[in-house]
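The values are calculated or read from the model by the stated rules, or taken from the named source; none is laboratory data. Please read all numbers here as calculations on a predicted model, not as lab measurements. Cβ placement follows ideal geometry from the backbone for every residue including glycine, while neighbour counts extend to all protein chains displayed.
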Amino acid sequence: MNTASSNTSAAHAPSTSEPAWYEQGLPHIWLPYSQMKTASPPLPCVATQGSRITLADGRVLVDGVAAWWTACHGYNHPHIHASAADQLARMPHVMFGGMVHEPALRLASRLCALLPGDLERVFFTDSGSVAVEVAMKMAIQYRLNRGEHTRTKMLAFQGGYHGDTLATMAICDPEEGMHHLYGSALAQHVIAPLPVDEASTARFYSLLEQHAHELAAIIVEPLVQGAGGMLFHPTHVLQTLRAAADRYDILLILDEIFTGFGRTGSLFACQQAGIVPDIITLSKALTGGTMALAATVARRHVFEAFLSDNPEHALMHGPTFMANPLACACANASLDLFEREPRLEQVAAINTILTEELEACRHLPGVRDVRTLGAIGVVELERIANPDSLRQTFIAHGAWVRPFRNIVYLTPAFTISEDELRHLTRTIRTVLAG
Ligand SMILES: Cc1ncc(COP(=O)(O)O)c(C=O)c1O
């Protein structure tokens, strides 16, 4: 971890007026997950560097979220910049239908070398949700190509989150996710509790007995269910899922969109459980948080089920910006940084500080649990009455922390300095202590 000392105070007082682009553009913007009638106005942000976000009025926030868990090397890493600039000058984009290019092929071969087992075919897309949809299509068509026309459902888990598109919402937690809002517009899948102990494992196996004939795949976020509330489960759960998938001849999809690239302490979470999924999905930190890119990677036997003289056995998917060369160049540069710089050691050092610093929150009023894994620190509360106003309090302390559901969490860049990290944890302790 970079321990260079730094001024992490909440910085300057805000200026009174917003920039013209803000005043002119805001009435035309529809923001994510926001009740546009009541939400606090978004922050005008003008620059990012390392783990700092500069606002238009000159205030500087220390970033505890790393741009929705993507910016693992911090913002504006010079190596990613240089690679992007070079690729931009040569070929920012070209279609991938009938053509290939070096950034994509190099990235595919490097990802396959890093992933365990025979995960060896990469299908690039441009967002996590679409990568999951492609994984679902691969699993369903794997069945169809083998003449198994009834096996089109997924088995997913309570607490799970796999995206916001219609197909992925249908495999998110039905109560906590967005299922209930969209009701009958969503496909029906089987949603189970995770098999964490003897009783839930028995229930899980009886669900499989009942539904195996209609299941194409089991899908899970390994070790951490992120958007479901940073819920952790032990590695034996993944081993149970692998064994069950093998026993019932069901594909196992691991959604490592959040957990991939070091976040849980190993490059991929599945490595801690020593299992190999049939399909894995990656995005978020794939480009070090610089460009939109995602990958769905399949094992050899999955890919081979699509090889046929029948053209209809081909995977029918092809986003316009698939394998965008600029994004692939950034992802290659991000992988260079994982090779050259001690990212996993930095994650371990972050874990030590998060564990030590957040533990003090355990005895604060309203705190239900404190947990950490890799570069993830979570304080779970009984409830958060108003996450939006809690966020404003963190901002006033110079910290970008975004509470949701009943949790306050940190997922910083792996390059965050010790001072910056301690500023975030101290702020959480101060704010939660009231
Ligand atoms: C595990 C997981 N899967 C899928 C997604 C969806 O990714 P995207 O927002 O890029 O569509 C997310 C996003 O948070 C995620 O955490």
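(1) under 17 Å from ASP63 (Cα atoms); (2) surrounded by 17 or more Cβ atoms within 10 Å (Cβ to Cβ): which one isn't true of ARG426, the others all being true?
The failed condition is (2).
When you look at GLU221, is it at pLDDT 95 or above, within 16 Å of the ligand (Cβ to nearest atom) and not hydroxyl-bearing (Ser, Thr, Tyr), yes or no?
Taking the combined requirement at face value, the residue satisfies it.
Is one or more of the residues making up segment 105-127 among the charged types (D, E, K, R), within 16 Å of the ligand (Cβ to nearest atom) and either buried (at least 19 other Cβ atoms within 10 Å of the Cβ) or closer than 19 Å to PHE258 by Cβ (or both)?
The answer is yes; a qualifying residue exists.
Could you please find all residues in segment 268-306 being surrounded by fewer than 24 Cβ atoms within 10 Å (Cβ to Cβ), within 14 Å of the ligand (Cβ to nearest atom) and closer than 18 Å to GLY318 by Cβ?
Once the filter is applied, which keeps residues that are surrounded by fewer than 24 Cβ atoms within 10 Å (Cβ to Cβ), within 14 Å of the ligand (Cβ to nearest atom) and closer than 18 Å to GLY318 by Cβ, segment 268-306 yields only ALA292.
How about segment 159-176: which of its residues are surrounded by fewer than 21 Cβ atoms within 10 Å (Cβ to Cβ) and either of a type in the set (D, E, K, R) or in contact with a Gly (Cβ under 8 Å, 6 or more places away or on another chain) (or both)?
If the condition is that a residue be surrounded by fewer than 21 Cβ atoms within 10 Å (Cβ to Cβ) and either of a type in the set (D, E, K, R) or in contact with a Gly (Cβ under 8 Å, 6 or more places away or on another chain) (or both), then ASP164, GLU175, GLU176 are the ones that fit.
Being without any contact (Cβ under 8 Å) to a residue 60 or more places away in the chain and under 15 Å from PHE338 (Cβ atoms) is the filter here; which residues of segment 76-117 pass it?
ALA113
With the structure loaded, tell me whether ALA170 is under 18 Å from ILE279 (Cβ atoms), away from the ligand (no atom under 12 Å from the Cβ), touching a His at 6+ places or on another chain (Cβ under 8 Å) and in contact (Cβ under 8 Å) with a residue 12 or more places away in the chain or whether it fails that test.
yes
Using the structure shown, decide if ALA47 is within 25 Å of THR411 (Cβ to Cβ), within 16 Å of the ligand (Cβ to nearest atom) and at pLDDT 95 or above.
no
Pull up segment 189-233, narrow it to residues that are of a type in the set (S, T, N, Q) and over 19 Å from ILE279 (Cβ atoms), then point me to the one that is surrounded by the most Cβ atoms within 10 Å (Cβ to Cβ).
THR201
Only one of these conditions is not met by ARG429: (1) outside any loop (DSSP other than H, G, I, E, B); (2) under 22 Å from the mean Cα position of the chain (by Cα); (3) among the basic types (Lys, Arg). Which number is it?
(2)
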